Amino acid sequence: MKVRLSVRARRQIDSSLAYVHARSPQGAEQIGRRLLELLDLLAQTPEIGKRIDEPGLRRLHLSPYPYLLDYNVRRDEVVVLRFRHAARRP
């Protein structure tokens with residue numbers, strides 16, 4: 001299945017990785033690598049994330065990093081809608 005990032009999610013990912021990169025380039029690289037691993041996993045197993053209160057949405061934790069991906073599964077693709085730090089308010 002195809003995985004697509006919304007404009008909002010892409011912007012949030014870029015912003016988060018830039019923030020981390022300014023403090024730890026290696027940390028940003030590790031988070032980016034983990035994110036790519038999970039996007040590949042979503043393509044293979046789209047139902048892996050936990051259902052959340054918003055209808056049709058699922059959430060995947062970027063363990064061991066404190067980031068969350070909110071996404072929905074459509075007929076032929078997975079769309080990542082949000083990316084945020086777990087400590088931030090939704």
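Just to be sure I understand the model, the point goes 7 Å from the Cα along the line to the Cβ. What's the resulting Ser15 to Lys2 distance in nm?
It works out to 2.7 nm between the two label points.
What is the helix-to-structure angle for 7-23, meaning the angle in degrees between its Cα long axis and the longest Cα principal axis of the chain, kept from 0 to 90 and rounded to the nearest 10?
Helix 7-23 sits at roughly 20 degrees to that axis.
How big is the chain on each of its three principal axes, counting only the C-alpha atoms and giving the largest first in Å?
Largest to smallest, the principal-axis extents are 39, 26, 24 Å.
Give, in nm to one decimal, the length gained when the segment between Ala43 and Asp76 is fully stretched (0.36 nm per residue of separation minus the Cα-Cα distance). Write out the running numbers ahead of the final one.
Details: separation 33, 0.36 × 33 = 11.88 nm, distance 1.02 nm.
Extra length available between Ala43 and Asp76 comes to 10.9 nm.
Bear in mind these aren't lab numbers, they're just calculated from the coordinates by the rules spelled out. Worth saying up front: this structure is predicted, and the values here are computed from it rather than measured. Cβ sites come from the backbone with ideal geometry, for glycine too, and all protein chains shown count toward neighbours.
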